[in-house]
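The values are calculated or read from the model by the stated rules, or taken from the named source; none is laboratory data. Small disclaimer: the values here were computed from a predicted structure and weren't measured. All Cβ positions, even for glycine, are placed from backbone atoms using ideal geometry, and neighbour counts span all protein chains on display. The protein model used for the area step is the full one, side chains on, heavy atoms only, and it has no ligands, DNA or RNA in it. Shrake-Rupley method; radii C 1.70, N 1.55, O 1.52, S 1.80 Å.
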Amino acid sequence: MVISSTTADYDQNLHSTFASRYVRASLPRFKMPDQPIPKEAAYQIINDELMLDGNPRLNLASFVTTWMEPECDKLIMSSINKNYVDMDEYPVTTELQNRCVNMIARLFHAPIGEGDTAVGVGTVGSSEAIMLAGLAFKRKWQEKRKSQGKTYHNPNIVTGSNVQVCWEKFARYFEVDLKMVNLTEGCYVMDPVKAVEMVDENTICVAAILGSTMTGELEDVKLLNDLLMKKNKETGWNTPIHVDAASGGFVAPFLYPDLEWDFRLPLVKSINVSGHKYGLVYAGVGWVVWRAKEDLPEELVFHINYLGSDQPTFTLNFSKGSSQIIAQYYQFIRLGFEGYKDIMKNCNENAMVLKEGLEKTGRFDIISKDIGVPLLAFSLKDSSRYTVFHISESLRRFGWVVPAYTMPPNVQHISVLRVVIREDFSHSLADRLIADIVRVVNEMEAAHSTDNTRHANSTGNTRNKHDGEASEHSKREMHLGISKYWRRLVHGNKTSSVC
Amino acid sequence: MVLSRTIGSDSDDSVHSTFASRYVRTCLPRFRLAENSIPKEAAYQIINDELMLDGNPRLNLASFVTTWMEPECDKLMLAAINKNYVDMDEYPVTTELQNRCVNIIAHLFNAPLGESETAVGVGTVGSSEAIMLAGLAFKRKWQNKMKALGKPWDKPNIVTGANVQVCWEKFARYFEVELKEVKLSEGYYVMDPEKAVEMVDENTICVAAILGSTLNGEFEDVKRLNDLLVDKNAQTGWDTPIHVDAASGGFIAPFIYPELEWDFRLPLVKSINVSGHKYGLVYAGIGWVIWRNKEDLPDELIFHINYLGADQPTFTLNFSKGSSQIIAQYYQLIRLGFEGYKNIMENCRDNALVLKEGLEKTGRFNIVSKDTGVPLVAFSLKDHSQHNEFEISDMLRRFGWIVPAYTMPPNAQHITVLRVVIREDFSRTLADRLVSDIVKVLQELDTLPAKVTAKIEISEEKGIEYKTELEVQRKYTDAWKRFVANKRKINGVC
């Protein structure tokens with residue numbers, strides 16, 4: 001007699017995901033699970049966990065683009081399986097990169113003729129771009145010193161202490177000294193006069209920032225250029241300039257076309273810009289362009305000889321996706337000069353709206369300037385009862401991510417809140433943010449004024465207080481103590497460089 | 001009287017279908033930003049159409065990099081495309097997923113970790129970045145050691161085989177480390193452990209072994225290297241470590257060759273890199289590097305980002321980048337599990353054998369790759385007198401296949417191979433089709449006169465003095481060899 005038995009776990013596909021056993025088991029976190037699970041379950045589990053991430057579009061800390069048109073999303077998804085480095089297999093994608101480099105070089109007034117090709121490359125971000133530019137300077141300087149028979153073991157770079165962390169990385173990993181010009185109260189960017197003073201014969205370049213991370217200010221590259229030209233004439237060292245235009249590179253040409261900061265200045269030899277900031281592309285693309293072939297030492301360039309064409313490459317990364325390059329080209333042809341200009345103007349106006357709203361509360365000092373990258377950096381006029389860190393924390397309840405930072409040396413006593421205005425931050429969102437900030441500030445005020453009135457009453461009642469009950473006075477002390485702890489905890493905080 | 005007029009033919013642009021509009025009539029400036037904007041549909045269409053002329057990624061048999069993922073994963077990737085990975089505070093779950101991947105991979109490589117100990121490692125954009133980070137760690141450790149001993153520390157070197165991927169050369173050139181290469185020889189296409197250990201001197205920061213050589217997929221004998229190096233270290237006291245470049249092999253060996261000792265089970269292996277986008281089965285843009293333990297990663301290289309409460313140490317070259325690939329890697333690890341990966345790798349290996357047998361049956365090819373290793377088939381012609389591998393590669397393109405032909409690195413440059421990489425999405429039917437197309441190509445070539453002999457005939461007619469056939473052949477083959485001598489850099493194409 002055959003006894004048939006049903007399988008206990010009958011066909012898994014019958015169960016809807018949330019009815020199946022896959023949501024009952026905890027996935028091993030540190031070891032690979034032994035068995036596979038259905039793709040629907042895998043998708044659902046990961047999707048659900050990711051719900052607890054912040055909402056990218058409400059992340060006002062970041063310069064990096066968080067929205068693109070659906071047509072572009074379509075292009076991105078269809079090219080997601082193209083390995084960018086296969087230049088021979090994907091010649092059109094390679095061509096698109098070259099076109100982007102040329103467009104950007106001309107946007108920055110590189111001195112190239114109509115039919116000439118620009119020298120530049122697409123990277124994964126400004127970090128890689130800066131490392132490549134720095135490497136080029138370092139190698140050029142070393143060659144120069146060797147030919148002069150001088151020592152070449154102690155290169156240094158002069159920059160402001162407001163630099164993004166990738167310059168510190170470059171310095172540490174590539175063994176270059178970082179000579180920083182410290183900030184002073186009221187001057188939150190690199191002072192060109194002090195910078196030029198610091199230049200010595202071991203300086204491989206001076207790095208100016210167009211669009212300081214902290215305050216969005218555009219450094220005075222023209223003044224730096226003029227002062228450095230004078231010094232070069234006296235010393236004969238020929239120190240060049242690099243402009244870190246990570247944020248400003250796609251803002252200045254559209255909003256401030258008369259501002260001379262790019263290759264129009266003769267000492268500027270290379271510029272980097274983040275495609276994923278105001279280039280309006282998702283995270284993962286940056287650009288570096290050199291003035292001319294001479295500024296990029298040949299020995300750093302690897303030549304890949306595909307049958308017929310010589311493709312020179314100079315990147316740190318090798319295999320990577322093609323999507324962001326294609327997206328950058330999409331933005332260039334979709335928007336054109338006028339499109340970018342309109343978007344930057346909108347950002348600027350929304351920044352003004354936010355600024356007026358904040359000024360109206362009467363509680364904030366605006367640290368950022370009107371001219372610069374569209375962002376608002378503001379500090380509290382009175383930080384004695386509550387600090388910007390409290391405000392930042394409270395705003396999170398509403399969903400906003402507004403970061404609070406201490407400024408770099410020597411102005412660490414100043415803490416700011418910073419709101420970056422991206423393309424997708426509309427006027428209505430600006431109004432909402434102001435309303436929420438006002439609400440938070442009022443809450444803070446109310447909480448601390450009741451403390452004060454209670455304090456006034458309690459001085460009359462101290463004799464009645466028991467030992468166990470903390471007096472209002474000591475509560476305030478605790479409050480201040482906590483704020484001090486918070487401030488110390490984020491002192492020297494590199495999040496200030498979160499792009 | 002009011003004269004009404006119709007608006008000109010350039011009426012509301014949104015009415016026109018894209019191919020009826022003026023946007024496909026103008027040539028977009030290629031090197032300069034256009035003055036005006038164009039509608040998004042036009043922008044999409046123009047770019048999409050140009051890209052049709054790119055090769056088909058899935059028929060690209062040159063690349064190890066994944067070209068297909070499940071639609072569920074595509075959905076996750078698109079949803080995460082606007083998340084900047086480096087914002088660890090804003091996206092704590094994504095950061096957590098990266099940490100889980102690092103730990104899972106470290107355990108896969110038998111890193112000597114306790115039950116609740118966290119692994120030391122990081123996600124990168126690819127093996128290039130991973131190798132640079134690992135190399136930096138070795139360089140810094142060695143420099144500190146030499147400084148402490150009061151010895152010169154300005155001439156570090158790395159010992160590796162001539163079959164290395166181009167990223168090692170990049171590392172050497174950009175970070176000012178000398179590259180000491182062990183040359184290959186005919187029939188032996190990987191680094192010889194004995195020669196490697198001989199080359200080690202006191203300035204050697206590490207010896208780099210490759211698990212899955214780019215050219216023929218072979219696994220180097222890391223165990224033997226370890227044993228020889230342990231002996232030498234005992235004599236010299238230099239303590240030279242090993243790095244394993246497991247870019248392709250790291251996600252193969254643990255599944256189908258679990259007894260092969262190549263990872264942290266060997267005491268001298270201090271760091272390993274693997275490409276998530278090769279047999280990790282994720283799209284291009286992700287790699288991993290794992291260190292044995294904390295001491296192997298000098299603290300001074302790590303940047304500490306202090307978010308309220310949590311200390312997040314980071315050690316990467318890139319900063320902002322997309323989160324999609326990290327999430328996709330985690331998806332694959334939990335979706336497939338050990339068994340899933342094993343099944344896929346076994347399928348790849350079986351399909352490689354099918355291809356190999358098909359090629360052997362033609363009787364025209366030597367198989368240069370081994371059975372054990374990365375699933376790929378590298379083969380060369382037995383008879384080079386009439387035609388060579390580059391011609392076969394060219395003719396296969398007509399069918400849509402991209403099968404690259406390369407010359408081997410020194411000292412085996414006279415050997416040319418065709419290489420087919422078997423990826424997850426290369427099914428049995430595709431293998432059969434490829435074999436039949438190769439057979440067709442061979443037949444066609446047989447009917448064609450040899451390019452070399454044809455030229456000889458022409459020169460005879462023209463009364464040009466000709467050398468012997470052999471010399472002329474050599475002349476042309478040499479020209480080809482020189483032409484693609486630099487092509488070996490493509491050997492770096494992952």
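Brief remarks on what is shown
A quick yes/no check of all residues on (1) in contact with a strand residue (DSSP E or B) (Cβ under 6 Å, 6 or more places away or on another chain); (2) touching a residue at least 40 places away in the same chain (Cβ under 8 Å); (3) not small (Gly, Ala, Ser):
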| position | (1), (2), (3) |
| --- | --- |
| B:HIS243 | yes, yes, yes |
| B:LEU268 | yes, yes, yes |
| B:ILE272 | yes, yes, yes |
| B:SER275 | yes, yes, no |
| B:ARG292 | yes, yes, yes |
| B:GLU300 | no, yes, yes |
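- Selection from region A:346-355 of residues that are touching a Leu at 6+ places or on another chain (Cβ under 7 Å) and either surrounded by 21 or more Cβ atoms within 10 Å (Cβ to Cβ) or within 14 Å of chain B (Cβ to nearest Cβ) (or both): A:ALA351, A:LEU354
- Matching residues in region A:30-45 - criterion: being at the interface with chain B (Cβ under 7 Å from one of its Cβ atoms), surrounded by 13 or more Cβ atoms within 10 Å (Cβ to Cβ) and part of a loop (DSSP other than H, G, I, E, B): A:PHE30, A:LYS31, A:MET32, A:PRO33, A:PRO36, A:ILE37
- Residue satisfying all of: in region B:197-222; open to solvent by 50 Å² or more (accessible area, probe 1.4 Å) and assigned to a loop (DSSP other than H, G, I, E, B); farthest from B:ILE252 (Cα to Cα) among these: B:GLU202
- Of the residues B:LEU136, B:LEU97, the single one that is part of a helix (DSSP H, G or I), out of contact with any Cys (no Cβ under 7 Å at 6 or more places or on another chain) and at the interface with another protein chain (Cβ under 7 Å from one of its Cβ atoms) is B:LEU136.
- The residues in region A:46-82 that are more than 7 Å from every other protein chain (Cβ to nearest Cβ) and open to solvent by 30 Å² or more (accessible area, probe 1.4 Å) can be counted, and the count is 7.
- Unique match (being surrounded by fewer than 17 Cβ atoms within 10 Å (Cβ to Cβ) and facing chain B (nearest Cβ under 8 Å)) among A:PRO91, A:PRO111: A:PRO91
- When we screen B:MET88, B:MET69 for residues that are in contact with a strand residue (DSSP E or B) (Cβ under 6 Å, 6 or more places away or on another chain) and more than 7 Å from every other protein chain (Cβ to nearest Cβ), the only hit is B:MET88.
- Some residue of region A:259-267 being of a type in the set (Lys, Arg), in a strand (DSSP E or B) and open to solvent by 20 Å² or more (accessible area, probe 1.4 Å): no
- Taken together, the criteria place A:TYR329 among residues that are assigned to a helix (DSSP H, G or I) and either open to solvent by 20 Å² or more (accessible area, probe 1.4 Å) or closer than 27 Å to B:SER128 by Cα (or both).
- Of residues in region B:151-169 being over 20 Å from the mean Cα position of the chain (by Cα) and in contact (Cβ under 8 Å) with a residue 12 or more places away in the chain, the one farthest from the other protein chains (Cβ to nearest Cβ): B:VAL159
- From the options B:VAL122, B:VAL102, B:VAL65, B:VAL86, residue that is β-branched (Val, Ile, Thr), under 19 Å from B:ASN273 (Cβ atoms) and in a loop (DSSP other than H, G, I, E, B): B:VAL65
So that you can scan it fast, the table gives a plain yes or no per residue for (1) among the hydroxyl-bearing types (Ser, Thr, Tyr); (2) surrounded by fewer than 22 Cβ atoms within 10 Å (Cβ to Cβ); (3) in contact (Cβ under 8 Å) with a residue 60 or more places away in the chain:
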residue: B:LYS370; (1), (2), (3): no, yes, yes
residue: B:PHE379; (1), (2), (3): no, no, no
residue: B:SER385; (1), (2), (3): yes, yes, yes
residue: B:MET395; (1), (2), (3): no, yes, no
residue: B:GLY400; (1), (2), (3): no, yes, yes
residue: B:GLN443; (1), (2), (3): no, yes, no
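- For region B:317-360, taking the residues that are basic (Lys, Arg) and either in contact (Cβ under 8 Å) with a residue 24 or more places away in the chain or crowded, with 24+ Cβ neighbours inside 10 Å (or both), the one that is farthest from the other protein chains (Cβ to nearest Cβ) is identified as B:ARG349.
- Condition check for A:ASN102: facing chain B (nearest Cβ under 7 Å) and within 26 Å of the chain's Cα centre (by Cα): yes
- Meeting the requirement of 1 or more residues that are under 21 Å from the mean Cα position of the chain (by Cα) and modelled with pLDDT of 90 or more, the strands (runs of 3 or more DSSP E) wholly within region B:285-346 are B:287-291.
- For the residues B:LEU266, B:LEU225, the requirement of being in a helix (DSSP H, G or I), more than 14 Å from every other protein chain (Cβ to nearest Cβ) and open to solvent by less than 10 Å² (accessible area, probe 1.4 Å) singles out B:LEU225.
- Within region A:411-450, the set of residues being surrounded by fewer than 17 Cβ atoms within 10 Å (Cβ to Cβ) and under 22 Å from the mean Cα position of the chain (by Cα) comprises A:GLN412, A:ASP424, A:SER426.
- The set of residues in region B:105-126 being within 21 Å of B:ALA253 (Cα to Cα), open to solvent by 30 Å² or more (accessible area, probe 1.4 Å) and facing chain A (nearest Cβ under 9 Å) consists of B:HIS107, B:LEU113.
- A:GLY236 satisfies every condition listed in (1) modelled with pLDDT under 95; (2) of a type in the set (Gly, Ala, Ser); (3) under 19 Å from A:TRP167 (Cβ atoms) except (3).
- Qualifying residue in region A:367-388 (condition: surrounded by 19 or more Cβ atoms within 10 Å (Cβ to Cβ), part of a helix (DSSP H, G or I) and β-branched (Val, Ile, Thr)): yes
- Lone qualifier among B:PRO375, B:PRO404 - being over 17 Å from B:LEU184 (Cβ atoms), within 14 Å of another protein chain (Cβ to nearest Cβ) and within 20 Å of the chain's Cα centre (by Cα): B:PRO404
- Any chance B:GLU194 is open to solvent by 60 Å² or more (accessible area, probe 1.4 Å), in contact (Cβ under 8 Å) with a residue 24 or more places away in the chain and either closer than 26 Å to B:ALA378 by Cβ or under 21 Å from the mean Cα position of the chain (by Cα) (or both): yes
- Residue identified as under 25 Å from A:GLN164 (Cβ atoms) and touching a residue at least 60 places away in the same chain (Cβ under 8 Å) among A:VAL281, A:VAL353: A:VAL281
- Taken together, the residues in region A:160-193 that are modelled with pLDDT under 85, within 19 Å of A:THR123 (Cα to Cα) and more than 20 Å from the chain's Cα centre (by Cα) amount to 0.
- Which listed residue is at the interface with chain A (Cβ under 7 Å from one of its Cβ atoms), modelled with pLDDT under 85 and at negative phi, from B:LEU76, B:LEU28, B:LEU3, B:LEU51: B:LEU28
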